[in-house]
Amino acid sequence: MTIRVAVTGMGCVSGLGQGLAANWSRTIEGHGAITAFALPRDGEPRLSGPAAPIRELDQSGLAVHFDRRAVGQIDPLTRFALVAATEAIEDAGLIGDPVLNRRTAILIGCGSGGNETFDGAYRRLYERGQTKVHPQTIPTAMISAPASQLAMLFGIHGPALTIASACASSAHALGEAMHMIRAGRADVVIAGGTEACLTLGSWVAWSSLGALATDTCRPFSIDRQGMVLGEGAAILVLEAWDHAVARGATIHGELIGYGATSDAAHITMPDQTGIEAAIRAAHADAGLPLDVPVLISSHGTGTRLNDATEAAAIRAVYGDALSESLVIATKSAHGHLIGGSGALEFLLGLKALQAGRAPAILNHVGDDPACDIPLALARSDIAYDHLVSNSFAFGGLNAVLIGRRA
């Protein structure tokens, strides 16, 4: 018998605000976080453009566990994860619960590690001619730092792992966490993703790739120019269903399916066949027929090729049944969190199922014939029981999650 996996805690921070309530209210009300932004943040601007930065972060909860100096030495990558995870664990009612010590695992997705720490270290080396950097540079910037700090913060002795698969990292983390619970390796998994890539070096690299928009993020729109970088974290508490019921937990929803594929085709260009395979695999894992109407949380980056390829794959998989479903694209509100996007989009999609309302895709200025799918161009009342959440990454790495309303 397959162990069911409940979602009992949710927490997040993004340019939309801190906490699930702020992120959901701004998303459903159509208030995006994308704004004019300049880097570096603390000096003479060298680059400017649209981005979705976190303006303020209440870290007071971390001061209980770290002294002020230690909090300042934690990269934003880790601070975002700790703030989101604290909210999720509190939401799940697990603060101080012995299960955190005995039967809990951590699985965090991240695409690029501590960019701010590395930027600062390299500035000392190359701009100032120094020959040394801070001795904590590697422990602070390493891609596994969020998982390790989270384990220490809450005394979690189970597996604490990091998945790095670019823009699909946190979706892969949630899917693999689900299978960890199904396999009986843990009763609870704290899973999700985090990213802090709004640094000068990261932005220059993305700009050089030609992937960034100069105006805003317009998923599936006729005049879309590219993606817009955001930052933040989204963490969910996944729990074996019977364990959650036995302790009287509030269940927000269920993770019932996961499909993961590799295009094995190109390092940056998406492949429709691989995307289709991931969607079909998720449905098969969930036991959900393809003709059941669903809310689709798209990858929806706003780039010309990615959006057209994803739309074609969605049409090919669902066929005529697609007309009864609806596609949302929340990157138009919170920007692209890279490794953190999949978890935030799944979280917001699950919230949409709960609320019976789907957020509008922002910044849309006209239909693109190459993206002929049922887009949520206005806030809509919905009555779907299932969510399909797509995440696709450079390297041809695809992850699709299927959630169910509680």
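Key figures for this structure:
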{"read-out": "Qualifying residue in the stretch 156-175 (condition: more than 19 Å from the chain's Cα centre (by Cα), β-branched (Val, Ile, Thr) and within 21 Å of Gly43 (Cβ to Cβ))", "value": "no"}
{"read-out": "Candidate set: the stretch 379-406, residues that are closer than 24 Å to Asp263 by Cα and of a type in the set (Ser, Thr, Tyr); chosen: the one farthest from the chain's Cα centre (by Cα)", "value": "Ser389"}
{"read-out": "Members of the stretch 70-112 that are part of a helix (DSSP H, G or I), of a type in the set (A, V, I, L, M, F, W, C) and either more than 17 Å from Ala141 (Cβ to Cβ) or in contact with a Ser or Thr (Cβ under 7 Å, 6 or more places away or on another chain) (or both)", "value": "Leu77, Phe80, Ala81, Val83, Ala84, Ala85, Ala88, Ile89, Val99, Leu100"}
{"read-out": "Selection count where residues are closer than 28 Å to Ala81 by Cβ, open to solvent by 10 Å² or more (accessible area, probe 1.4 Å) and aliphatic (A, V, I, L, M), scope the stretch 247-273", "value": "5"}
{"read-out": "Looking only at the stretch 1-24, and only at residues there that are open to solvent by 40 Å² or more (accessible area, probe 1.4 Å) and of a type in the set (S, T, N, Q), the one that is modelled with the highest pLDDT", "value": "Gln18"}
{"read-out": "Selection count, the stretch 274-300, where residues are outside any helix (DSSP H, G or I) and open to solvent by less than 10 Å² (accessible area, probe 1.4 Å)", "value": "7"}
{"read-out": "All strands (runs of 3 or more DSSP E) inside the stretch 317-406 with 2 or more residues being open to solvent by 10 Å² or more (accessible area, probe 1.4 Å)", "value": "386-393, 397-405"}
{"read-out": "Qualifying residue in the stretch 114-132 (condition: in contact (Cβ under 8 Å) with a residue 40 or more places away in the chain, closer than 30 Å to Leu100 by Cα and charged (D, E, K, R))", "value": "no"}
{"read-out": "Of all residues making up the stretch 68-78, the number that are surrounded by fewer than 24 Cβ atoms within 10 Å (Cβ to Cβ) and at pLDDT 90 or above", "value": "2"}
{"read-out": "Conditions (1) open to solvent by 10 Å² or more (accessible area, probe 1.4 Å); (2) of a type outside the set (Asp, Glu); (3) within 25 Å of Ala383 (Cα to Cα); number of the one not met by Ala234", "value": "(1)"}
{"read-out": "Criterion (touching a residue at least 40 places away in the same chain (Cβ under 8 Å), closer than 27 Å to Ile267 by Cβ and open to solvent by less than 70 Å² (accessible area, probe 1.4 Å)) met by exactly one of Gly155, Gly111", "value": "Gly111"}
{"read-out": "Residues (more than 17 Å from Ser207 (Cα to Cα) and assigned to a strand (DSSP E or B)) located in the stretch 36-48", "value": "none"}
{"read-out": "Leu57, sole failed condition from (1) open to solvent by less than 50 Å² (accessible area, probe 1.4 Å); (2) modelled with pLDDT of 95 or more; (3) outside any helix (DSSP H, G or I)", "value": "(2)"}
{"read-out": "Criterion: out of contact with any helix residue (DSSP H, G or I) (no Cβ under 7 Å at 6 or more places or on another chain) and in a helix (DSSP H, G or I) - qualifying residue of Arg128, Arg124", "value": "Arg124"}
{"read-out": "First in the stretch 86-101 and without any contact (Cβ under 8 Å) to a residue 60 or more places away in the chain, second anywhere and assigned to a loop (DSSP other than H, G, I, E, B), Cβ under 6 Å, 6 or more apart", "value": "Asn101/Gly155; Asn101/His157"}
{"read-out": "Qualifying residue in the stretch 315-336 (condition: among the polar types (S, T, N, Q), out of contact with any strand residue (DSSP E or B) (no Cβ under 8 Å at 6 or more places or on another chain) and more than 20 Å from Ile222 (Cβ to Cβ))", "value": "yes"}
{"read-out": "Residues within the stretch 263-290 that are without any contact (Cβ under 8 Å) to a residue 40 or more places away in the chain and farther than 19 Å from Ala312 by Cβ, tallied", "value": "3"}
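Results for (1) modelled with pLDDT of 95 or more; (2) within 30 Å of Val245 (Cβ to Cβ), shown as yes or no for each residue.
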position	(1), (2)
Leu82	yes, yes
Glu87	yes, yes
Gly93	yes, yes
Gly109	yes, yes
Gly113	no, no
Leu125	no, no
Val133	no, no
Ala164	yes, no
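The values are calculated or read from the model by the stated rules, or taken from the named source; none is laboratory data. As the structure is a computational prediction, the values presented were derived from the model and not from experiment. Cβ: placed from backbone, ideal geometry, glycine included. Neighbour counts: every protein chain shown. Quick note on the areas: whole protein, heavy atoms, side chains included, nothing else; ligands and nucleic acids left out. Shrake-Rupley method; radii C 1.70, N 1.55, O 1.52, S 1.80 Å.
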